[in-house]
Amino acid sequence: MTAILEGRNIVKTFTTRRGGQKHEVRAVGDVTVAADRGEIVGLVGESGCGKTTFSRILIGIETASSGTVLHDGKPVATKADWKALRRDVQYVFQDPYTSLCPTMRIGEALAEPLLVHGIGDKSERAERVREALSLVGLQGFIADRLPSQLSGGQRQRVSLARALMIRPRVLICDEIVSGLDVSVQAQVLTLLTELQASLGLSLIFISHDLRVIRYLCDRVVVMYRGEIVEQGPVERVFGAPESDYTRGLLAAIPDHSRRGEPRLGLRPAGHEGARLA
Amino acid sequence: MSADPALRFEHVTIAFPGAEGPLKVVNDVSFAVGSGQCLVIVGESGSGKSMACQALLGIVPAPGAVSGQGIFWEGRDLLKSSARDWMKVRGAEIAMVFQDPAAALNPLMPVGRQIVDVVRAHRSVTRAEAERRAIEVLNQVGFPEPERRMRAYPIELSGGLRQRVAIALALACGPKLIVADEATTNLDVSIQAQIIGLLRSLKEELGISIVFVTHDLGLAPEIGDEVLVMYAGHAVERGPVREVLDRPSHPYTIGLLNSAPTLESSRAHPLKPIPGQVPALDEIGAGAPFRSRCPVVVSGRCDSAKPDWTACGGGHFVACHRFAQDGIGGVQ
Ligand SMILES: Nc1ncnc2c1ncn2[C@@H]1O[C@H](COP(=O)(O)OP(=O)(O)OP(=O)(O)O)[C@@H](O)[C@H]1O
Ligand SMILES: Nc1ncnc2c1ncn2[C@@H]1O[C@H](COP(=O)(O)OP(=O)(O)OP(=O)(O)O)[C@@H](O)[C@H]1O
Ligand SMILES: [Mg+2]
Ligand SMILES: [Mg+2]
């Protein structure tokens, strides 16, 4: 089976200049991740390990230093290829504050992708907007608000609703549920599994919350300093982790059902981040 | 005097003008935090947690209006303070870590300079001293190689690194009250544990008070002394963290705890979100705020009167007609 979206041997090096000195940061070093149709792939790893950078390369917001993005098994090379990819693949950003236009009412922001792709007439679009809001647990009156008039979690859900408007085949979600209360979070996770089952939606799902990853994902990829240290079906990786790094991550999960016992295996901080090239 | 809590938030209401009268995004909410204590606020998305935090700093966005009996900080009523006085308190005595690190950071300035500027705005120190302080706080929050990387611009940092800079910014002036609005949300578990450890030592060793907003119920026992549960602008349950987590007594809190994923969750046992949707604020009216989704409504009471606080024992209180009538058996 060909993967619907794949990043193959992706490398990304950032170069920054400070006072004449040049620094190179290797944010992603030779990472290959593929999502099949209807598959949910989790991407985990400590802060700064390259999850966001890798996922942005998959939709071309960032260009790889080397490596290839494949869409339905074919390398994405031309402008037209990227355009076709963006019709299929939607991205929900880690930071919902900067991804919504501050002067556009939520209803317009949601209808915009439909307009761009020439879908529906005015009343059909309004109907689709209401539908999308209700899918993410928001009421219709939210459509008349500006982004600044919403709470953090409400904005996050609007970003998700917007990404779903044109019914993508693949959704890339960067840390989209950690800002939601657990009931709304459960509602969003349920929605995503329903879309996977009914439409064969594929997901690349980045999260620091391993409880959520375990619940939602079919397969999980564990990254450390720009590289993959372990990957496999969630039951296997969570049940019998092969790398010490994964074991450490699992032991550090906070859990309200764990009575006051301290979390185990916390590594001293300060090691994180990309490797300096 | 010393028995008095450092912070008292008394019957505070925050309202925005709406088409059919004011929308109370925070509705008659009270809480108190002693020195060296931490209050954890949890609750539904949109329930007014961030608004309450902003009220503590006097930065509720217009046209929102704050009213009530007062917001007392070390005996002074901040609601009655002039904008100038409040500005002196803000940043120096009370500092906030915003839910949105992007809003706290200037995209056009290296992150280290932003901390240096804050330190120099509140303390008369030399640039070199302010720089040392910046490196010190960046080290405390686990920001790697601060001497070098403090020269990075926000865009050059990952989400978690930006969040750590935002926390360092709040700590820079040595505040006595830290308001952390989902400050650890985007952090991986080890950095999160480090920040929690840091906040804990600040409160235990320096007597700093903390208001900590989170969606992660697993964090509440690690940092909090007391917890306040909010729903649709209302405080619905409060008490010592362990009491509330072990004996949740409001139907909303019970629903919330039941929908949290745990280490054992899997799709074979689907998560159970609370059925239904949060009502619009102008639909709540006089009744219990949770009644439209509540499985144990008391007919004739919940739709007409707001429940008062009922004591559950051990300093634990719940605002629920069913609990008041039938006790814990009625809500479970
Ligand atoms: N534009 C840039 N210029 C220089 N360095 C960058 C840039 N963007 C990212 N980096 C660096 O690349 C590394 C990987 O960042 P990335 O945002 O992909 O991490 P992440 O895994 O998403 O982390 P988080 O969980 O904190 O969001 C980090 O060290 C970051 O500082
Ligand atoms: N300018 C505004 N005008 C009208 N309503 C507003 C405005 N700003 C925020 N609100 C509403 O106020 C309510 C409280 O918002 P607040 O940001 O305090 O929620 P929150 O509890 O922090 O939620 P979250 O967990 O999603 O961050 C929300 O329902 C929001 O829609
Ligand atoms: Mg990221
Ligand atoms: Mg908030």
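The values are calculated or read from the model by the stated rules, or taken from the named source; none is laboratory data. Since the structure is predicted, the reported quantities are computational estimates derived from the model, not experimental observations. So basically every Cβ, Gly included, is an ideal-geometry build from the backbone, and we count neighbours across all protein chains shown. We work out accessible area using only protein heavy atoms, side chains counted, and drop any ligands, DNA or RNA first. Shrake-Rupley method; radii C 1.70, N 1.55, O 1.52, S 1.80 Å.
Counting only residues that are away from ligand 3 (no atom under 16 Å from the Cβ), give me the helices (runs of 4 or more DSSP H) lying completely in region A:67-176 with at least 1 of them.
On the way: elements: A:79-88, A:96-99, A:106-116, A:122-135, A:152-164.
The helices (runs of 4 or more DSSP H) meeting that bar are A:79-88, A:106-116, A:122-135, A:152-164.
Residue-wise test of (1) in contact (Cβ under 8 Å) with a residue 40 or more places away in the chain; (2) of a type outside the set (Lys, Arg); (3) in contact with a Phe, Trp or Tyr (Cβ under 7 Å, 6 or more places away or on another chain).
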residue: B:224; (1), (2), (3): yes, yes, yes
residue: B:244; (1), (2), (3): yes, yes, no
residue: B:261; (1), (2), (3): no, yes, yes
residue: B:266; (1), (2), (3): no, yes, yes
residue: B:275; (1), (2), (3): no, yes, no
residue: B:282; (1), (2), (3): yes, yes, no
residue: B:301; (1), (2), (3): no, no, no
residue: B:305; (1), (2), (3): no, yes, no
residue: B:315; (1), (2), (3): yes, yes, no
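Does any residue of region B:14-22 turn out to be assigned to a helix (DSSP H, G or I) and more than 14 Å from residue B:233 (Cβ to Cβ)? Looking for residues that are assigned to a helix (DSSP H, G or I) and more than 14 Å from residue B:233 (Cβ to Cβ), one finds none in region B:14-22, hence no.
Test residue A:153 against the criterion of being open to solvent by 10 Å² or more (accessible area, probe 1.4 Å), within 12 Å of another protein chain (Cβ to nearest Cβ) and among the small types (Gly, Ala, Ser), and give yes or no. Taking the combined requirement at face value, the residue does not satisfy it. Given the residues A:169, A:225, A:211, which is the only one that is modelled with pLDDT of 95 or more and away from ligand 4 (no atom under 16 Å from the Cβ)? A:169 is the lone residue from the list that is modelled with pLDDT of 95 or more and away from ligand 4 (no atom under 16 Å from the Cβ). Screening region B:158-181 for residues that are open to solvent by less than 10 Å² (accessible area, probe 1.4 Å) and not in a helix (DSSP H, G or I) and picking the one that is farthest from residue B:124 (Cα to Cα) gives B:181. Scanning region B:305-320 for residues that are modelled with pLDDT of 95 or more, in a loop (DSSP other than H, G, I, E, B) and not aliphatic (A, V, I, L, M) yields a count of 6. Take residue B:129 and tell me if it is over 21 Å from residue B:56 (Cα atoms), in contact with a Gly (Cβ under 8 Å, 6 or more places away or on another chain) and more than 11 Å from chain A (Cβ to nearest Cβ). When the stated conditions are applied, residue B:129 does not pass them. Applying the condition of being among the acidic types (Asp, Glu) and away from ligand 4 (no atom under 16 Å from the Cβ) to region B:4-50 and asking which residue is farthest from the other protein chains (Cβ to nearest Cβ) yields B:4. Assess whether residue A:56 counts as being within 14 Å of chain B (Cβ to nearest Cβ) and of a type in the set (Lys, Arg). Yes: the conditions hold for residue A:56. Every residue in region B:156-201 that is among the small types (Gly, Ala, Ser) and more than 16 Å from ligand 2 (Cβ to nearest atom), please. Correct list: B:158, B:159, B:160, B:168, B:170, B:172, B:174, B:190, B:193, B:197, B:201. When residue A:231 is tested against (1) within 16 Å of ligand 3 (Cβ to nearest atom); (2) open to solvent by 60 Å² or more (accessible area, probe 1.4 Å), exactly one condition is not met: (1). Of all residues in region A:125-166, those satisfying the criterion of being β-branched (Val, Ile, Thr) and either within 16 Å of ligand 4 (Cβ to nearest atom) or within 21 Å of the chain's Cα centre (by Cα) (or both) are A:136, A:142, A:158, A:166. Please go through region B:268-286 and pick out each residue that is buried (at least 16 other Cβ atoms within 10 Å of the Cβ) and in contact with a helix residue (DSSP H, G or I) (Cβ under 9 Å, 6 or more places away or on another chain). If the condition is that a residue be buried (at least 16 other Cβ atoms within 10 Å of the Cβ) and in contact with a helix residue (DSSP H, G or I) (Cβ under 9 Å, 6 or more places away or on another chain), then B:271, B:273, B:274, B:278, B:279, B:284 are the ones that fit. Of all the numbered requirements in (1) at pLDDT below 90; (2) within 14 Å of chain A (Cβ to nearest Cβ); (3) more than 23 Å from the chain's Cα centre (by Cα), residue B:277 misses one, and that requirement is (3). Looking across region A:180-219, the residues that are in contact (Cβ under 8 Å) with a residue 60 or more places away in the chain and assigned to a loop (DSSP other than H, G, I, E, B) come down to A:200, A:201, A:207, A:208, A:217, A:218. For region A:1-22, a residue qualifies if it is in a strand (DSSP E or B) and buried (at least 16 other Cβ atoms within 10 Å of the Cβ), and the qualifying residues are A:5, A:6, A:7, A:8, A:10, A:11, A:12, A:13, A:14. Look at (1) open to solvent by 40 Å² or more (accessible area, probe 1.4 Å); (2) facing chain B (nearest Cβ under 10 Å) and you find that residue A:162 fails only one, number (2). Taking region A:23-51 as the region of interest, how many residues are buried (at least 23 other Cβ atoms within 10 Å of the Cβ) and either outside any strand (DSSP E or B) or of a type in the set (Asp, Glu) (or both)? Going through region A:23-51 one residue at a time, the tally reaches 7. For region A:197-208, filtered to residues that are within 11 Å of chain B (Cβ to nearest Cβ) and either over 19 Å from residue B:268 (Cβ atoms) or touching a strand residue (DSSP E or B) at 6+ places or on another chain (Cβ under 6 Å) (or both), the residue that is modelled with the lowest pLDDT is A:208. For region B:214-238, taking the residues that are part of a helix (DSSP H, G or I) and either in contact with a Pro (Cβ under 8 Å, 6 or more places away or on another chain) or among the basic types (Lys, Arg) (or both), the one that is nearest to residue A:182 (Cα to Cα) is identified as B:218. Of all residues in region B:239-268, those satisfying the criterion of being more than 9 Å from chain A (Cβ to nearest Cβ) and not in a helix (DSSP H, G or I) are B:239, B:240, B:247, B:248, B:249, B:250, B:268. In region B:147-170, the qualifying residues are those that are within 11 Å of chain A (Cβ to nearest Cβ) and of a type in the set (A, V, I, L, M), and the one that is farthest from ligand 1 (Cβ to nearest atom) is B:150. Per the listing B:91, B:68, B:142, B:75, the residue uniquely more than 16 Å from ligand 2 (Cβ to nearest atom), open to solvent by 30 Å² or more (accessible area, probe 1.4 Å) and on the phi > 0 side of the Ramachandran plot is B:75.
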